[in-house]
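Chemist: Provided herewith is a single structure, encoded as structure tokens, for subsequent inquiry.
Please treat every number below as a calculation from the coordinates, not as lab data. On a predicted model such as this, the values are computed, not experimentally measured, just so you know. Glycine also receives a Cβ, built like all others from the backbone with ideal geometry; neighbour counts cover every protein chain displayed.
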Amino acid sequence: MDGQVDPDKLVQFIETAQDIHIQNYTGTNLYVKLQNLVTSGDIDLAANSDYKHLLTEYIKPMLAWYAQSEYIPFSLYTISNGGVYKHRSDNSDPVAPEEIAGLARRAEDKAKFYTNRFIEYMDDKGSLFPEYNSSQDDMYPEKDITTMGWVL
């Protein structure tokens, strides 16, 4: 993505990626703990260095790529009061839907790579984060990237 992407168009996809993907792998309790540490500014306290390391080294790359994979299919369109519009430039060629889907898949592949790193880290260091293994208020952490989706 280039630096010209309007943050207002991207923010909803960041939030969606957090809710759907990040919370899926952290579980609700750790997810809420991290949110509270960030919003309060306490993430920078020495006592929270393990949480900050987890956030910056493992969760941030996951979030960046999951947000991108969520954004790409919608990036060509603008939804406004007047309807849905497709962007076109005088100096550009139209992109086939298959190409867009391929870009989104590549972004998701990178997200899965970082998710695997996160899962391996939590297998080794999960005891540093009591919220990860505690009784969950909502979502339990998914601990296997191959088990995505519903299990009936």
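Chemist: Just to be sure I understand the model, the point goes 7 Å from the Cα along the line to the Cβ. What's the resulting Met139 to His53 distance in nm?
Modeler: Taking the simple label geometry, Met139 and His53 are separated by 2.5 nm.
Chemist: Please work out how much length the chain gains when fully extended from Lys125 to Leu45, using 0.36 nm per residue of separation minus the C-alpha to C-alpha distance, in nm with one decimal. Please report the intermediate quantities before stating the final value.
Modeler: Values: separation 80, 0.36 × 80 = 28.80 nm, distance 1.96 nm.
Value of the extension gain: 26.8 nm.
Chemist: Can you tell me the convex hull volume per residue for the chain, based on C-alpha atoms, in Å³ to the nearest whole number? Mind showing how you got there, number by number?
Modeler: On the way: hull volume 24.4 nm³, N = 152.
About 160 Å³ per residue, rounded to a whole number.
Chemist: Moving on to the next point. Express in nm, to one decimal, how much length is gained between Asn116 and Phe74 on full extension, taking 0.36 nm for each residue of separation and deducting their alpha carbon distance. Present the calculation step by step, with values, prior to reporting the outcome.
Modeler: Working: separation 42, 0.36 × 42 = 15.12 nm, distance 2.62 nm.
This chain segment gains 12.5 nm when fully extended.
Chemist: Points 7 angstrom from Cα along the Cβ direction at Val95 and Val11: gap in nanometres?
Modeler: 2.3
Chemist: Among the listed pairs Lys33/Lys86; Lys9/Lys125; Lys86/Lys110, which are separated by more than 31 Å between their Cα atoms?
Modeler: Details: Lys33/Lys86 39 Å; Lys9/Lys125 36 Å; Lys86/Lys110 27 Å.
Over 31 Å apart, Cα to Cα: Lys33/Lys86; Lys9/Lys125.
Chemist: Which of the aspartates and glutamates could a cross-linker span from Lys143 if the Cα-Cα distance has to be under 13 Å and same-chain partners fewer than 8 positions apart are dropped?
Modeler: Glu120, Asp123, Asp124
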